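J.: Got a structure here, written out as structure tokens. Questions coming.
Each reported figure results from applying straightforward, stated rules to the coordinates on display, with no laboratory input. What you are looking at is a predicted structure, and each value in this text was computed from that prediction instead of being measured. Counting neighbours? That spans all protein chains shown, and the Cβs are built from the backbone with ideal geometry, glycine included.
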């Protein structure tokens, strides 16, 4: 794998690598189904945290691209479409390949396919209803895809109003409107759903598209800040990191330790927890985005894991874990055998992700830079 390290920002690669490792480790709990202790509880939380890092980081990266495109030109329909096409070349081929593999895997294992399989094709499998079990990790992809559509479309449409507002400020207003709207969807959810339990919350709020698109746009807000006020962004990076770190630890360590759960604090979990999580992660971006490099023994593995994180996310659970559990059940294994099992699970996930990235994801993503695509959108 040939990597141009000079064009990468190590701090952002580190965030992405940590995010995917948190998600993979959280699903390793499935290997220890009868175990319940502090470690397994923390690993379960790790999965939630990992995906939230992905959301905010994704928003930060696309926000910078979108902002520069929006303010530097008239932002025509062709430019908006080009933004979408570039994102789709990055996300869709891998998704559809693994979706197809999940269908074949279900047929092979003799499990029933969902009646709403067609919804997976259009990323609406969890649009405003409970996250389905089939291809469980795919729940985050609709949130990403609709986030890619909503912001650029609103920015394009608002230009027809010919408002006497400079485009940088207009970008900020649109971003804040999106944040407010999807915050209010969570308020609506809290008003219309009875107090339940964390499992219900996990599949009916945390993983439902119409309640979660704001998670991406906290990253977009950070992108706007980093471009419009770079001096402020650099000067207070440590202050923001400390605030974000304290908030992050409070949300994910202190609150669970104090047994503050949805049964008694439904408004906090339904309305505040997820936005505060996004804000905590957003506050770490000024520092991480300025960490340009690292010693090579750290730089190389972190960058590789970061690059193949999307492939790893798609296959680690519904493909690798499901096949391993089918052919090699864990119920009768000893603790030492289970630890070996986890190591093998991690190794197979890494190898499979590397192969998928090198031989499929990277080649299909590179198609967006072909002369034919670029010339079409000139």
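J.: Please state the relative contact order of the chain as a whole percent: Cα pairs under 8 Å, 6+ residues apart?
T.: Dividing the mean separation by the residue count of the chain yields 29 percent.
J.: Okay, next question. Which residue fluctuates the most in the chain, going by a Gaussian network model with Cα springs under 10 Å, if the choices are 20, 348, 62?
T.: 348
J.: Something else now. Note the angle between two axes, namely the Cα long axis of helix 77-109 and the longest principal axis of the Cα atoms of the chain, as a number of degrees from 0 to 90, rounded to the nearest 10.
T.: 10
J.: Here is a further query. Compute the helix-to-body angle for 167-192: its Cα long axis versus the longest principal axis of the chain, expressed 0 to 90° and rounded to tens.
T.: Helix 167-192 sits roughly 40 degrees off the main axis of the chain.
J.: What is the spin-label model distance, in nm, from residue 108 to residue 168 if the labels are put 7 Å beyond Cα along the C-beta direction?
T.: In this crude spin-label approximation the distance works out to 5.4 nm.
J.: Per 0.36 nm of contour for each residue apart, how much would the distance between residue 355 and residue 238 grow if the chain were fully extended, relative to their Cα-Cα spacing? All intermediate terms of the calculation are to be shown ahead of the outcome.
T.: Values: separation 117, 0.36 × 117 = 42.12 nm, distance 3.80 nm.
Fully extending the segment from residue 355 to residue 238 adds 38.3 nm.
J.: Follow-up question, since we're still on this one. Taking other Cβ within 10 Å of each residue's Cβ, how do 214, 13, 369, 6 sort, fewest first?
T.: 6, 369, 13, 214
J.: Further question: Calculate the length of the line joining the C-alpha centroid of the stretch 66-114 to that of the stretch 335-378, in whole Å.
T.: 15
J.: Specify the angular offset, from 0 to 90 degrees and rounded to the nearest 10, of the alpha carbon long axis of helix 237-249 from the longest principal axis of the alpha carbons in the chain.
T.: Roughly 40 degrees between the two axes.
J.: Identify which of 298, 208, 124 has the largest mean-square fluctuation in a Gaussian network model of the chain, with springs joining Cα atoms closer than 10 Å.
T.: Sorting by GNM fluctuation, first place goes to 298.
J.: So between residue 196 and residue 331, what do we pick up on full extension, going 0.36 nm a residue minus the alpha carbon distance? Write down the numbers at each step before the final one.
T.: Details: separation 135, 0.36 × 135 = 48.60 nm, distance 3.02 nm.
Gain on extension, residue 196 to residue 331, equals 45.6 nm.
J.: I would also like to ask the following. Of 257, 280, 207, which has the largest mean-square fluctuation in a 10 Å C-alpha GNM of the chain?
T.: 257
J.: Quote to one decimal, in nm, the extra length available between residue 5 and residue 300 on full extension: 0.36 nm per residue of separation minus the C-alpha distance between them.
T.: Length gained, residue 5 through residue 300: 105.3 nm.
J.: While we're here: Using only Cα atoms, locate the centre of the stretch 217-251 and the centre of the stretch 265-301, then give the distance between them in Å, rounded to an integer.
T.: 9
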